[in-house]
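The values are calculated or read from the model by the stated rules, or taken from the named source; none is laboratory data. Because the structure is a prediction, the values reported are computed rather than measured. No Cβ is skipped: glycine too gets one built from the backbone with ideal geometry, and neighbour counts run over all protein chains shown. Note: areas computed on protein heavy atoms with side chains; ligands, DNA, RNA excluded. Shrake-Rupley method; radii C 1.70, N 1.55, O 1.52, S 1.80 Å.
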Amino acid sequence: MSAENVRRCRRCLLREMTDENDYYQSVIFYRSTLPPKKRTPDDVYEVRVQTCKACGQLDNATCLQCGCFVEMRAARLDMRCPMDQWQN
Ligand code: SF4
């Protein structure tokens, strides 16, 4: 596939991108392996990823500030938004 044919979704999360299902399964697995003390609780996790979804720095499920897949970054309780947009 040529570079101009690669689909980009500026405001999508991995969970919404059917072409990236393997990556999303990796996110689910990664979250499941985190010890409860390190894992972001489900409700906080959802607020984090929805904040990313509304953020202008989200591009193709990746944060343009830190280069992380946001669903992966949000999974660990001790991780922070590089622009301090997450409330917790
Ligand atoms: S981690 Fe922060 S800066 Fe990056 S996309 Fe999410 S809300 Fe935006």
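For a quick check of your reading of the filter: which trypsin sites (Lys or Arg not before Pro) in region 22-88 sit in a DSSP loop and have no more than 16 other Cβ atoms within 10 Å? Could the numbers behind the result be given before it?
Details: sites: Arg31, Lys37, Lys38, Arg39, Arg48, Lys53, Arg73, Arg76, Arg80; in loops: Lys37, Lys38, Arg80.
The qualifying sites are Lys37, Lys38, Arg80.
Using θ = phi - 60° and the Karplus curve 6.51 cos²θ - 1.76 cosθ + 1.60, what whole-Hz ³J(HN,Hα) does each residue of region 43-56 get, with Gly and Pro shown as x?
5, 5, 4, 5, 5, 4, 5, 6, 5, 4, 4, 8, 8, x
For the chain, what is the calculated [θ] at 222 nm in deg cm²/dmol (nearest 500), taking -39500 (n - 2.57) for each run of four or more DSSP H residues and dividing by its residue count?
On the way: 3 runs with 29 residues, N = 88.
Mean residue ellipticity, 222 nm, calculated: -9500 deg cm²/dmol.
Rounding to the nearest 20 debye, state how big the charge dipole of region 9-73 is about its Cα centre with +1 on each Lys and Arg Cβ and -1 on each Asp and Glu Cβ. List each step's numbers first, then the result.
On the way: 10 positive and 9 negative charges, 65 e Å.
Around 320 debye, computed over region 9-73.
Using modelled amide H (1.01 Å from N, peptide plane; none on Pro or chain starts), what sits under 5 Å from the amide H of Arg76, excluding residues fewer than 5 places away?
Those lying under 5 Å, H to H, from Arg76 are Thr40.
Let me check against my output: what whole-number percent is the relative contact order of the chain, with C-alpha pairs under 8 Å and at least 6 apart? Please report the intermediate quantities before stating the final value.
Details: 93 pairs, mean separation 31.6, N = 88.
Relative contact order comes out at 36 percent.
What number comes out for the charge environment of Tyr24, summing +1 per Lys or Arg and -1 per Asp or Glu over other residues with Cβ under 13 Å away? Walk me through the numbers on the way to the answer.
On the way: positive: Arg15, Arg31; negative: Glu16, Asp19, Glu20, Asp22, Glu71.
That works out to -3.
What three numbers, in Å, describe the spread of the alpha carbons of region 12-88 along their principal axes, ordered from the longest?
The principal-axis extents, from largest down, are 29, 29, 19 Å.
Could you state the accessible area per residue of the chain in Å², with a 1.4 Å probe and every protein chain left in place? The partial results should precede the final answer.
On the way: 5810 Å² over 88 residues.
Value returned for the chain: 66 Å² of accessible area per residue.
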